[in-house]
Structures are given as C-alpha cells and as structure tokens.
Protein chains: 2
Amino acid sequence: MAKESEGMNYAPKGKPNPVVKPGEFTFAAIALDHGHIYGMCNGLIEAGAVLKSVFDPDPKKVERFCKTFPSVIPARSEEEILADPEVKLVAGAAITSERCALGLRVMSAGKDYFTDKAPLTTLVQLEAAKAKVKETGKKYLCYYSERIHVESAVFAGQLIEEGAIGRVIQVLGTGPHRLGAAGRPDWFFKKEKYGGILCDIGSHQIEQFLFYAGVRDAKVAYSQIANYNHPQYPELDDFGDATLVGDNGATHYFRVDWFTPDGLQNWGDGRSLILGTEGFIEQRKYMQLGQKGSGGGHLYLANGKEETYYHVEGKVGYPYFGQLVLDCLNRTENAMTQEHCFKAAELCVKAQIQAVKLQ
Amino acid sequence: MAKESEGMNYAPKGKPNPVVKPGEFTFAAIALDHGHIYGMCNGLIEAGAVLKSVFDPDPKKVERFCKTFPSVIPARSEEEILADPEVKLVAGAAITSERCALGLRVMSAGKDYFTDKAPLTTLVQLEAAKAKVKETGKKYLCYYSERIHVESAVFAGQLIEEGAIGRVIQVLGTGPHRLGAAGRPDWFFKKEKYGGILCDIGSHQIEQFLFYAGVRDAKVAYSQIANYNHPQYPELDDFGDATLVGDNGATHYFRVDWFTPDGLQNWGDGRSLILGTEGFIEQRKYMQLGQKGSGGGHLYLANGKEETYYHVEGKVGYPYFGQLVLDCLNRTENAMTQEHCFKAAELCVKAQIQAVKLQ
C-alpha cells in the first residue's frame, strides 16, 4: 500500500524545450485538489512559461506546492491572482465538479484556463463553459495526461499521422488504476464530486479515441459501471467500460477500473491498442508486465512488413505544452482545438449518464 | 502472404497422454472443410482414441488427411461410417452452417458428435440440436480451440480455480486473425455459410468468458460488426465486437477481426485479459509481440504480492481431450457440460443477430 497512487505524484519530467523567452508567458495555479497539478505546471515550465503565483484555501497543499516550485509566490486569495494582469493563464486541479466554475471565473477575468481532466462533470457545466468561451474569447483547455503527457502516446499519434497503420478503425484502451484508498480525499468517493468513473478516468480514453481515429463527433453505443468490490465506498464506481462509434465509422472500446493489485510495479498497466487497416500499434504506457523496473514508453508497431519495438522514454518529449503556450499567445489551436476538448468532455459525461449499473 | 492462415493448418501437438488402452475408444472423421479437423483428431489420438475412418465428398481433402493420419481408412460414404458400430464418436469440421445437420445425423446413428466451432449458426439449429440430444442421449461437443487447445488458456483456468485473482469480474479478449483470402474456400465469404464473425471466431471468445467467469447464462448487452476494408467480399465481417453481462454480474468484452498484417510473425496476436478482484491474468497465447520466434504459451499473473511470468509451452498439455474420451465412455461431463457448449453457441448467434452494422 506504500506505492504511489494514480495522480497523487504524477508529474513526468520531460526535456526543457522553451518556446518563449523568460517572462514572455506567465501563469498561476489555483486549486491543488489533485496531484495532476504538478504535472501540468512541470509541462508548462519546461515549455518556458513562468509560474508566478499559487492559491489554494488549504495552506498545507500550498506549502507542499511551494517546496516543489520554490520561486512561486503564495497568493492571499484567488481574486489576487485573477486581478493580476501579468498572469495569462490559470492552471487548476480543483475537485472535478468545481472545475468548470473555476474556469468560468478565470475566463471572466480575461485569462485562459488549463484544467485537470475531467474538465467538467455535467452537460449544464459544458453549456456554461461553451458560452463563456464564446463570450470572452478565452480558452478552456484540459490536461488529458494519458495522451499528452505520455511519450508512447505522443509517438503513436506521429506514427498514425504518417500513415503507419493505414486508416484507424478501432482504438481499444485499458486504464486500470490503483485505488490507494487511504491516500484519497473524501471527495474522491462522492459521485457528485468526482463525476463517476467514465467521466473521471474515462475522459482520458475518449480523448485518445477522438485524437487517434480523427473523430470529430461520436455516439456512446453502450456503457456500464459497477461497484464490484468496494461496498465501503458505495458511490465509487470501481469498474466501467464503454463502446463508442465515431462519425467516420471508427469505433472505440475502453475499460477503466480501480483494481490494480498491490503486487504490480506501477499504479496501472495502461495500454492502448490501435487497429488500422494496414497494421496496429500497442502502447504499454507505464510498464512492461513481468519486468520490474521496466519504466514507461513502450510501443509496438506491426504492419505489412514487420513488427517493431520502440522504447521512446526520454526521446519524444511532450510537445503539447509548448503548443499550448504558443496557442495562448497567438490565439491558434495547435495543441488541441476547443471543439476537441469539449467533445471529449461531452462524451465522457454522456457515457456516465447512459451507463447501465451492473452491481 | 505465404504465411499460414488461421485454422488452415492449426493442429497443435501435445504430449501423448492416453486415458484408454488401444482400441477402447474408436472415432471417425466426417467433413474436412476446415483445417481445425487436424487439431481435433490430434487431440483425440494423443488421448488414446483410435481414428478408424474418414469421409469427405472431396477426394483431395481425404487424400491430404490420409497423408497426415496414415492408418485411417477412407470410407465410401458418410453412411458407411454412421453404420459402423465400432465408431463411438464422429469428429467433423463441416461448413459452419452444415455442422448441426451433420450432428443430427451422427446422433441419430447413436454416436456422439464433436464438431469444430462455431457448432451451429442459427437458433433453429440450436433447438434441433438440443432436441436431438434429449431424444438420443448423445453428446454434441465442440472444439473451442482457443481455450481447450491453448496451454496458457488451460493454465489460466487452473489459476482461477485456485483463486489466484479472486472473483473474476471481466474477461477481455482480442482475437485478431489473418485473412489469407487466397487460401480460403468460397463458403468462408458467404454469411449464411460461415455465420458472421461474431458467431464464427466470436464463439471462442464467448466460451472463454463463460468458463473463466463461471457464468451459466448471459445477455448480449451490445454487439456490432463492420466490413471496413474488404469491399470485394461484401458478406465478410472483417471486424466485430461485443459486450456481454453474465448472470453473476461478471462482464465480457471481445473484439475479433481479420486485420492481422502480413508482417506479423503469426496469424494473430490473440490475447486474453482476465480481471479479478484480487489480481489479473494476461495471456499472450500465440506470440510475444516484437520478439520473432517467441512461440506461444505466455501468461502473466499479477496479484497482491507480485507479478509473475509463466512460459507454459509444452508444460500444461490439453486435458480436454482425455476428459472428452472418458466422458463419452462414462457418460460424464468433465470436459465440458452440454449446457455450457450450447450456451456459448446460443450467445454467439445472438451477438451476431443483434449486431449493429457499422459499415
């Protein structure tokens, strides 16, 4: 049980690859409820952004954050940060159900917003977020870390772009996670707060489907959730899966769960199998099963000619963050379009709403 | 394209492990339309059964069969075999849609029947088969080879039986196959004959779900099929998947397809991921991706204590065949119950009937 839980300390280190000069792009952090905030800030800093200030109502969370990022200034209030004209973007990892409300305040203050996933938990929030984007012209961006902050996932996108497996016809993702219940806050077990498993960790999966299969819209054909083995947390979905069908005919299956056993070397053996008309890709994102200390970044490509293994750890980097910084400065959409970000959010909420409850 | 296609030459060799003395159990082969007949006969012979005679209307198929099994006697007709009182069981690999009719004739002749999978293609056939079993007291058994003739699959069943992963909550199977269209007979591309992809190669998957999860009945929650990339074979499903929910709450997802690329070392990188409350198992049944010549029999077990890799090739064997022979002699059901065999058949037909057609 001493092993780190998903997200608690998730902050992959890439190679510093600044896209701006020091001081050209400044951001702040508000709401430290999920450990993903560390990865989000790391990624932006490596892209050359300056982390100026931080606020969270919990001083312990702020203290820990300041130890990791010693040059950051603790603000006295959220308002102080929102009123700071130097801050161009606010990164936040609030309780999931509160992420949208924070984003609305951030955008109303004239700043772009970069939230942990899932970016929101209801369709009402989605409409409010869309309206605010339209009203303010600001961005509501999301840290779908299982693609943008995983090197094999970035590389898979590059291979598909090059046509390495032909037309993508199915994306099959498994996202098992270790529960580590003792280290989780109360809100993690309240469905209204975390949004349900398909909305929460399912959002990673659906975003990958849209991206890899080039899908702009999709239908949730079937989804289901269960609490198989955690009666002490009655609102926890410890299992969920779904099938989606994209507007171009490509399809998606994903499974997410909180059943990573304690004997596993990592918090989860996340995989992605991408099937194309001319070949397939398998990502073993965080580990090689049965090989302790194997680390992440394992990708296999099979096509008409051969099978190839790529170990991409430390080789591909995370271009998303630099693109995001430049998108904010230049009002472009190279990191991710607003439409894509919202479509993934919409579909994960719909998958959760439609889900058949098994147990 | 020179690589062997699925089933064309599939006849794994196990260790001879006779359960009867020479001559105690005699069988014959009728209908050689699918190469699985070789695996079926191998398995029975290794269990001590005597292959006495063979019939197929195509002399070329019989000739090839006799080269593999030199002591077998070519019969002049099906009737000759059915009238032979020494023959206790008939093994057959007819065209899928004709498997039931053959079985009815075999059982009417007072013999047990062992057919290639899928054992039938319609619910009408299923009812006829059930009625004939009831009428004659004979057995209608099936060669669900992807479990019973795969050592990792047999071993997985043993581990689950021992409680190695707790209660099974999901079985996730992928069954990609190489098409090798040039080597396929015409009937392979006619849906009325092969039954559709979910009925055909999907039957392996559903049978595994019922077995591993201890499910006696299940519902097909969602299923879909597509012909993504083979317009020259309009009746071929080149892709199919389905989600099932068992009567005990366990669930099943499987994908089957005909997209194994020519560069792959084998006809398909078949996997099975079995998720339990206390751990999980991954089978890499026929190969290790990225390691040419890796052979089959790879199983990984992760539980509360550790991750363990088992290479079981040549170590586990195929107990199904000996159990089947003894079941026929003793009228027991240790290899597989009739109910289980028919339930898998029913569900794969239902998955096919219900399937949404994507493209």
### Message
For segment B:225-258, which positions are more than 7 Å from every other protein chain (Cβ to nearest Cβ) and among the charged types (D, E, K, R)?
### Response
B:Glu235, B:Asp237, B:Asp238, B:Asp247
### Query
Which numbered condition trips up B:Leu299, out of (1) over 22 Å from the mean Cα position of the chain (by Cα); (2) under 28 Å from A:Ile165 (Cβ atoms); (3) of a type outside the set (Gly, Ala, Ser)?
(1)
### Query
Failed condition for A:Lys88, given (1) open to solvent by 20 Å² or more (accessible area, probe 1.4 Å); (2) out of contact with any Asp or Glu (no Cβ under 6 Å at 6 or more places or on another chain); (3) under 27 Å from A:Asp247 (Cα atoms), with all others met?
(3)
### Message
Just to verify a result, which residue in segment A:282-307, among those that are within 7 Å of another protein chain (Cβ to nearest Cβ) and not in a loop (DSSP other than H, G, I, E, B), is surrounded by the most Cβ atoms within 10 Å (Cβ to Cβ)?
### Response
A:Ala302
#### Entry: Selection within segment B:80-125 - outside any helix (DSSP H, G or I), more than 14 Å from the chain's Cα centre (by Cα) and of a type in the set (Gly, Ala, Ser)
B:Ala83, B:Ala109, B:Gly110
### Message
Looking at B:Ala83 and the list (1) in contact with a Cys (Cβ under 8 Å, 6 or more places away or on another chain); (2) among the small types (Gly, Ala, Ser); (3) open to solvent by 10 Å² or more (accessible area, probe 1.4 Å), which single condition is not satisfied?
### Response
(1)
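Hey, any hits in segment A:122-141 for a residue that's at pLDDT 95 or above and within 14 Å of another protein chain (Cβ to nearest Cβ)?
First pass over segment A:122-141, keeping only residues at pLDDT 95 or above: A:122-141.
Now drop any that are not within 14 Å of another protein chain (Cβ to nearest Cβ), which leaves none.
Looking for residues that are at pLDDT 95 or above and within 14 Å of another protein chain (Cβ to nearest Cβ), one finds none in segment A:122-141, hence no.
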### Query
How about segment A:308-318: which of its residues are in contact (Cβ under 8 Å) with a residue 12 or more places away in the chain and either open to solvent by 30 Å² or more (accessible area, probe 1.4 Å) or within 14 Å of another protein chain (Cβ to nearest Cβ) (or both)?
A:Tyr310, A:His311, A:Val312, A:Glu313, A:Gly314, A:Lys315, A:Val316, A:Tyr318
### Task
Would you mind finding the one in B:Leu159, B:Leu141, B:Leu120, B:Leu126 that is open to solvent by less than 20 Å² (accessible area, probe 1.4 Å), under 24 Å from B:Leu273 (Cβ atoms), in contact (Cβ under 8 Å) with a residue 40 or more places away in the chain and hydrophobic (A, V, I, L, M, F, W, C)?
B:Leu159
### Message
Taking the condition of being within 10 Å of chain B (Cβ to nearest Cβ) and closer than 24 Å to A:Gly163 by Cα, how many residues in segment A:259-281 meet it?
### Response
8
### Task
Select from segment B:42-79 the residues that are in a strand (DSSP E or B) and either open to solvent by 70 Å² or more (accessible area, probe 1.4 Å) or closer than 21 Å to B:Tyr318 by Cβ (or both) and list them in ascending order.
B:Val50, B:Leu51, B:Ile73, B:Pro74
### Query
With A:Ser152, A:Ser203 as the choices, which residue is of a type in the set (S, T, N, Q), surrounded by 20 or more Cβ atoms within 10 Å (Cβ to Cβ) and within 23 Å of A:Ile353 (Cβ to Cβ)?
A:Ser203
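Within the group B:Ile201, B:Ile165, which residue is closer than 16 Å to B:Asn227 by Cα, of a type in the set (A, V, I, L, M, F, W, C) and out of contact with any Ser or Thr (no Cβ under 6 Å at 6 or more places or on another chain)?
B:Ile201
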### Query
Of the residues that make up segment B:319-336, is at least one in contact (Cβ under 8 Å) with a residue 60 or more places away in the chain, away from every other protein chain (no Cβ under 14 Å), surrounded by fewer than 19 Cβ atoms within 10 Å (Cβ to Cβ) and touching a Ser or Thr at 6+ places or on another chain (Cβ under 8 Å)?
yes
### Message
Taking the conditions exactly as written (touching a residue at least 40 places away in the same chain (Cβ under 8 Å), away from chain B (no Cβ under 14 Å) and surrounded by fewer than 20 Cβ atoms within 10 Å (Cβ to Cβ)), does A:Gly183 satisfy them or not?
### Response
yes
### Query
What are the residues in segment A:250-281 that are more than 26 Å from A:Tyr228 (Cα to Cα) and open to solvent by 10 Å² or more (accessible area, probe 1.4 Å), if any?
A:Thr277, A:Glu278, A:Phe280
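The values are calculated or read from the model by the stated rules, or taken from the named source; none is laboratory data. All of these numbers come straight from a predicted model, not from anything done at the bench. Heads up, the Cβs are rebuilt from the backbone with ideal geometry, glycines too, and the neighbour counts pull from every protein chain shown. Note: accessible area is taken over every heavy atom of the protein model, side chains too, but ligands, DNA and RNA are not part of it. Shrake-Rupley method; radii C 1.70, N 1.55, O 1.52, S 1.80 Å.
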